[in-house]
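Shown next, in structure tokens, is the structure this report addresses.
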Amino acid sequence: MKTFFEIRPILTALLRNKTGPLLVAIQIGLSLAILANAIYIVNLRLAVAARPSGVVDELNLFRVHISNQKLGEHADQIAMQKQEAAIIAAVPGVVAVARVNQMPLSQSGSTSGLAADRKQTTSNAMGSVYMSPDSLVQTWGLHLIEGRDFNAGDMYELDQNTTQDFPKTVIITKELASKLYPDQASVVGKDLYFGTGEQANSVKIIGVVERLQTHGGRAASAGETSVIVPIRLSNDVHSGYSVRTEAGQRDRVMQAVETALRKSSATPLNVKSASMEEDRRTRYRSEKALAWMLIAVSALLVLVTASGIVGMSTLWVTQRYKQIGVRRALGARKIDILAYFITENILISSVGIVGGVLLALALNQLLVSQFELSKLPVSYLLFAPCLFWLLGVIAVYAPAWRAASISPATATRGA
């Protein structure tokens, strides 16, 4: 009851002068709604950019591509590929080499519709197709959670211009397995179809890796639907080599590999290399740019809101110097004056926060309906109000303390 009678005069004063407090409350509400959703989006974007690709020790991995080799018959091309891999493997510091048509997060590669039944009219998922005659499980350090890796009997060497043959076994990711057979505890031994209908290539799933991001690295679960095919192709100008190096030797080895490949050829070769670190940075550049932009906007928003609270609080305090002097003359302490203005600001902030929380939920619902976002967690709706309550107290403290420090005679005379 005592607390109510202490707050009642504050409420009465606020209701007599509604415009200023209402503007501050609206500003706090809008700022809270925008800030909560902005910080949530920032965390989502940064989490996407930091998510694991499934490849172990990405910093020690790079890709190399040769774009103008002199092509020959199928057997000649296969021999040339093996010779190139041997040249790369002989460079000091190289740990493993695998010929592969694409790299995770490289944003360039092959995709296919994948289905669990040939009779389906639509695919279960779009999968990123990694084609390699070498063990990507070993070269990339993929975590095999079910089944086995490929062996020599699984691997095919084909001329893609003259044959329609296709390997009979594949390894898929856990995410792809859940899309193909959502109710099955194990998918090893089950069929997978590249496409649908009578022309779809049928293969057996012999292994499942925990994770392997697609070459596009989409933010949603589609970024984890990958399939590995044991195949070496001739007349394939897109494939290159994935190279793992000893720790800390990547940059040196990249240069040494390029030099070794050029020296091994009687004609000039166009050799290009790129680290997986560079691929990751390029792929997630937009996510990080958006995150930093939202961080800047959020910081500016908080600064503007704080400035508005300080300015309005300073105006209120200045306009009430006489009342402050009278209260001081009647025995009010500095702490009483300070508590009055802090309580007043908390009440105004609370009104803005309640409206801001409701607006934040409405804004999040709009974002969820228009974009691939999840609902705003409760923790953000707890953090943002605390921030604005604290911001209000800090903003009003300085002008209120200055006013409370003025002597009663000066305050009444100045008014």
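Counting charges near residue 239 (Lys, Arg +1; Asp, Glu -1) among other residues having Cβ under 12 Å from its Cβ returns a value of 0. Per-residue Karplus couplings for the range 270-277, computed as 6.51 cos²θ - 1.76 cosθ + 1.60 with θ equal to phi - 60°, are listed in order as 9, 10, 10, 10, 8, 7, 5, 4 Hz, Gly and Pro entered as x. Taking amide H positions as modeled 1.01 Å from N, with prolines and chain starts lacking one, the residues under 5 Å from residue 100 and 5 or more places away or on another chain are 240, 241, 242.
Accessible surface computed residue by residue for the chain, with neighbouring protein chains in place and a 1.4 Å probe, gives 50 Å² per residue.
Pick out, from 62, 109, 356, the residue whose Cα sits farthest towards the positive end of the charge dipole of the chain, with +1 on the Cβ of Lys and Arg and -1 on the Cβ of Asp and Glu. Working it through, the farthest residue towards the positive pole turns out to be 356.
Amide H to amide H distances under 5 Å link residue 173 with 209, 226, where only residues 5 or more positions off or on other chains count and H is placed in the peptide plane.
With 0.36 nm allotted per residue and the present C-alpha distance subtracted, the residue 68-residue 161 stretch has 31.6 nm of extension available.
For residue 397 and residue 362, FRET efficiency with R0 = 35 Å and r from the beta-carbon atoms, rounded to 0.05? Spell out each step's value before the answer.
Values: r = 32 Å, r/R0 = 0.92.
E(calc), rounded to 0.05, equals 0.60.
The DSSP beta bridges internal to the range 150-264 are antiparallel in roughly 40% of cases. Ranking 65, 238, 215 from most to least accessible surface, computed with a 1.4 Å probe over the protein chains only, gives 238, 65, 215. Under 1.5 on a/c is rounded, so check that first for the chain, then, if it is not, pick prolate when a/b is larger than b/c and oblate when it is not; a ≥ b ≥ c are the square roots of the alpha carbon gyration tensor eigenvalues. Prolate is the answer for the chain, as a/c is 1.5 or above and a/b outweighs b/c. Net charge in the neighbourhood of residue 279 (other residues with Cβ under 12 Å of its Cβ; Lys, Arg +1, Asp, Glu -1) is +2.
Phi-derived couplings, Karplus 6.51 cos²θ - 1.76 cosθ + 1.60 at θ = phi - 60°, listed residue by residue for the range 306-315: 4, 4, x, 5, 4, x, 5, 5, 4, 5 Hz, with x used for Gly and Pro. Cross-link partners of residue 375 among aspartates and glutamates, defined as those whose alpha carbon lies under 13 angstrom from its own and excluding same-chain residues fewer than eight positions apart, are absent.
Just the Kirkwood number for the range 51-134, please: inverse of mean 1/r across all distinct Cα pairs, in Å, one decimal.
Working: mean 1/r = 0.0633 Å⁻¹.
Taking every pair of different Cα atoms in the range 51-134, averaging 1/r and inverting gives 15.8 Å.
In order along the range 79-95, the Karplus-derived 3J(HN,Hα) couplings, from 6.51 cos²θ - 1.76 cosθ + 1.60 at θ = phi - 60°, round to 5, 5, 4, 5, 5, 4, 4, 5, 4, 5, 5, 7, 5, x, x, 7, 9 Hz, and Gly and Pro are given as x.
Amide H to amide H distances under 5 Å link residue 146 with 208, where only residues 5 or more positions off or on other chains count and H is placed in the peptide plane.
In the chain, what percentage of the DSSP-assigned beta bridges are antiparallel, given to the nearest 5?
Details: 30 of 44 bridges.
Percentage antiparallel, nearest 5: 70.
In straight-distance terms, cross-link reach from residue 204 covers every one of the lysines whose alpha-carbon lies under 28 Å from its own, apart from those fewer than eight places away in the same chain; here that gives 82, 119, 168, 174, 179, 190. Hey, if you put +1 on the Cβ of every Lys and Arg and -1 on every Asp and Glu Cβ in the range 169-321, which of 260, 234, 309 ends up farthest toward the positive end of that dipole? Value: 309.
Label separation (residue 299 vs residue 122): 4.5 nm, computed from points 7 Å beyond Cα along the C-beta direction. With Cα atoms as the point set, the range 108-247 shows a radius of gyration and Dmax of 14.5, 48 Å.
With +1 on the Cβ of every Lys and Arg and -1 on the Cβ of every Asp and Glu, and nothing else charged, how large is the dipole of the chain about its Cα centre, in debye rounded to the nearest 20? Roughly 2720 debye for the chain. From helices alone, the chain scores -17500 deg cm²/dmol at 222 nm; the rule is -39500 (n - 2.57) for each run of n ≥ 4 DSSP H residues, then divide by the residue total. Taking 7 Å along the Cα-to-C-beta vector as the label spot, tell me the residue 188-residue 315 distance in nanometres, rounded to one decimal. Result: 7.3 nm between the two label points.
The values are calculated or read from the model by the stated rules, or taken from the named source; none is laboratory data. The model shown is predicted, which means the values in this text are computed figures rather than measured ones. A quick note on method: Cβ atoms are made from the backbone with ideal geometry, for glycine too, and the neighbour counts reach across all protein chains shown. Calculation scope for accessible area: heavy atoms of the full protein, side chains included, ligands and nucleic acids excluded. Shrake-Rupley method; radii C 1.70, N 1.55, O 1.52, S 1.80 Å.
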